[in-house]
Every structure is written in structure tokens, then in C-alpha cells.
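Where a number appears in this text, it was derived from the coordinates with a stated rule and is not lab data. Since the structure is predicted, the reported quantities are computational estimates derived from the model, not experimental observations. Cβ placement follows ideal geometry from the backbone for every residue including glycine, while neighbour counts extend to all protein chains displayed.
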Amino acid sequence: MLSDEFRARRNRVLEAIHPGVLVVFSAPVALRNNDVEHEYRQSSDFFYLTGFDEPESVLVLSNVDAPKTTLLVRPRDPDRETWDGPRAGLEGALSTFGADEAFAVAELDTRLPDLLRGAPRLFYELGQQRADDDRVLRALAQLRRRTRQALVYPSSIHEPAPIVHEMRLRKSASEIQKLSRALQITGQAHAELMRETRPGMFEYELEAKLRRAFRESGAERTAYAPIVGSGPNATILHHIRNNRRIEAGDLVLVDAGCEYDYYAADVTRTYPASGRFSAEQREIYSIVLDAQLAAIEHSRMGATLEDVHQAALGVIVDGLIRLGLIEGPRDVAISEGRYKPYFMHRTSHWLGMDVHDVGRYYHATGPRELEPGMVLTVEPGIYIAADGAAEPRYRGIGVRIEDDVLISEHGPVVLSSGIPKSIDEVELACAR
């Protein structure tokens, strides 16, 4: 049997939607080219509620008469399973994944009107896949045509995000364990790169080492396309071509994390390809590190992501003024955005099953407060373009330092701790 946690999640949703019905479609299969498919990954919401990772599946949760979980899945098919591997089938949907009833997904159009009947409210995320929207709307249209019958059917469609995504935002103990394992694997890979990087290597060689280290440790996939930026490429936030040859004296910025059991790590480290920081690199790195430590310290219950960002921003602006890269004073530099050519992104985002995880950042009254169980990234940076107007000795220096932080009742918990981060630790890890 699958973990009881999935059943508990469905029960929480069933309580929250009463009276109503929730419909969630699996992620579609995407073609890469011709008849070759991209690697399949289940919809995070679908997996969060079921643990079921097969395509062409539909989950229906209803509490019209009694709480009920219905899964519509692909039946067992020996011929197709020879090609694509085993399927759970209807039997597995019941025995392994805890559905109360299961049907062949090919029957969805005939089954869905009856599954919606009796529920005054439908919870369904419109606008994700037009084909799925059409099937749901056709089922509703069939029910509307039965006006002479004494039946109840959904007269309103509601976003499920305020229920499901708010649940996902607050991580359980088992989710923290999975995140921690993803970060352990990711940290080992980052430390390995620091040891093995040499001038003359190509960025893609480091990317290959990352991917190998992730898979060798049991991670299913990368959580996102790895960023390996050397020299001037470190100043490009989403540099993913990873095709430059690393030169002596370069900084190497690696932003990469694995996905383990559907939970994502997101870590960035910046280190010297030749083993030691130059004086200018050390100056920039120290500012970013101090900014990150200040932001982590502000990652506490009752604070907001805006508080976290402002803590990092203040340190970075002070450092840029001190080095003569921007003019002060601090308040004016911030209000006029003088720092933005060098620090152009926010400091944090939610982390969980998705690397940019779900959950609202703001309430109607303003930024939401941090609560125990939330996990966020803390990732300030300074990026000085090689062809910019900065003093020449700083041009081409890009530094970002990123860790993943759990909010707890006792203060911030850095889940990615242990990966070399201080200047001394980084240089020791890079020692030749």
C-alpha cells in the first residue's frame, strides 16, 4: 500500500470542498519530435494527492453522499506494457493507490457527468489544458440538459489552488525528509565540482558531472536545467547553453539542483576556477555572502519575503556604494533603483515539489507572513556585465549564493547547510 499521507491529503481536500467535487487531470505527454516523447513527469498536484505517476489519468474527489476517491486510469495492456513498462491498471488504482472506485480513462466522457452529479460546486483549474477544459465543460453541458430531472449539478467553478496549493506550501515531516535528501545529493555534487573544476574544461563537462552525480545517488532528474556560467557567463542569470571554455582566473557560478521523489533542490555556489579568489572577486563575494547571511537571519516566523529581500538588498547596496559602483546614500540608491544593473532579481521564492513552488506570496492586505513548514530559497547576487560601465577591474564578475531554508518555530533551518560557502571553505574545497 502507498503511504497513508496521500489518503490524509485527499481527506483534507474533501473536507475543504464540502459540498463539492474536485477534478484533477494528469500532466499530458509531450512530444519531443516525430513519435519520440519527452521524459514524462506527473503533474505536481496530481502526484501530491495520489502518488500516481502514470499519464492519461484523472482524479475525482467527491463528498456528495460520502467522501469518495475515483481514479480513471489506463487499463492493463500486455502488448503496450511490453513496449512502455507495467501499468497499475484499475486493480492497482484500487489496491495500491487507495481509490474507492476505478474506471478506464477511455470512459471519462461517459462517466464524468455522473461523477459531477449531486455536487453544487466544482473545483477545477481552468486554462491549463484546453482539451481537458472542453471535456469538463461538455460534462456540465450534459447535466444542464437534464433540466426536467430533479438533480443537483455544479452551478459554479472554483479554483482549487487556495486549497491544494496552500496545503503544498506547508511541508510535512516526510516532505522535509525528501527535500533534505534532494539537498544532500545536490550538495555532494556541488562539492565534487569544486574539487574537479580546472581551467580548460568546458561548462558542459561540469553539467555532465552534475547530472551523473544526481542519477548515481538515486535522484530521478534535475529539478531544472543546470546553469554553469564561467567568467562573463556568470553575469547571465539564466545561462543554460553551458558551452564556454573555462579560463584561468574565472569565477564559475553553478545553479543546479536535483529532484528526488518529486521534491526539488535549488542551490547556487560560485567558486574560483583556479582555486583562489582574486582581490576583486573576493570583495564582491564577501558582499553577496554577507547579504545572504543577513537574509537568512530574517527568515523567521512573522517576517515576510519582502523583509528577507530588504535585508539582503541593504547589505548589497551598502557594498556597491563602498566599492564605488553606485552612488549613495543608501536610501536614495534604493528608491531610485541604482543597484538594479547589478542586482536585478528578488531574493526568494517558495520551494517544494516545483522549484518555483506554489502558494500565494501576497494576501489582500499585503505580503504574507512566514509560517512553520514553509521552505524558501535565499539567493542574492551581484552581476557586473563584462561590457558595462563599471570600473574595469570588476567587469565580468558574477556571484550568486543560494540556499534552501525551512521556517521553523525555533528560527531558520538551512536545509542545504554543509556545502562549502565561506571564502575559506570554498578555497579549501577547490584546493589543487
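What the table below lists for this structure:
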| read-out | value |
| --- | --- |
| Protection proxy ranking of 84-91, 285-292 - average other beta-carbon atoms within 10 Å, highest first | 285-292, 84-91 |
| Relative packing of peptides 330-339, 414-423 - highest average C-beta neighbours within 10 Å first | 414-423, 330-339 |
| Centre separation in Å (Cα based) which lies between the stretch 49-105 and the stretch 145-183 | 18 Å |
| Unit charges at the beta carbon, dipole of the stretch 170-429: most positive-side option, T304, C258, G352 | C258 |
| Label-to-label distance, nm, for residues given as E247 and E5 (7 Å Cα→Cβ offset) | 4.8 nm |
| Alpha-carbon radius of gyration plus Dmax, which is the widest Cα pair, for the stretch 383-432 in Å | 16.1, 46 |
| Listed residues V228, L415, L94: farthest to the positive end of the dipole of the chain (Cβ charges) | L94 |
| Student exercise, the stretch 285-375 dipole from Lys, Arg, Asp, Glu Cβ charges, in Debye to nearest 20 | 160 debye |
| Assigned charges on the beta-carbon of Lys, Arg, Asp, Glu; the stretch 4-167 dipole about Cα centre (debye) | 840 debye |
| Candidate aspartates and glutamates - alpha carbon under 17 Å from K340, same-chain residues fewer than 8 apart omitted | E306, D318, E327, D331, E379, D387, E391 |
| Within a Gaussian network of the chain (alpha carbon springs, distance under 10 Å), most fluctuating of H298, H18, H190 | H18 |
| Selection from H18, M194, H238 lying farthest towards where the dipole of the chain points positive, charges on Cβ | H18 |
| Helix-only mean residue ellipticity at 222 nm for the chain, each DSSP H run of n ≥ 4 adding -39500 (n - 2.57), per residue, nearest 500 | -11000 deg cm²/dmol |
| Sparsely packed trypsin sites (Lys or Arg not before Pro) within the stretch 238-268, loop by DSSP, other Cβ within 10 Å at most 14 | R241 |
| Gaussian network model of the chain, springs between alpha carbon atoms under 10 Å - residue of P67, P372, P329 with greatest fluctuation | P329 |
| The stretch 170-429, relative contact order [Cα under 8 Å, separation at least 6], % | 23 percent |
| Unit charges on C-beta of K, R, D, E only; dipole of the chain, Debye | 600 debye |
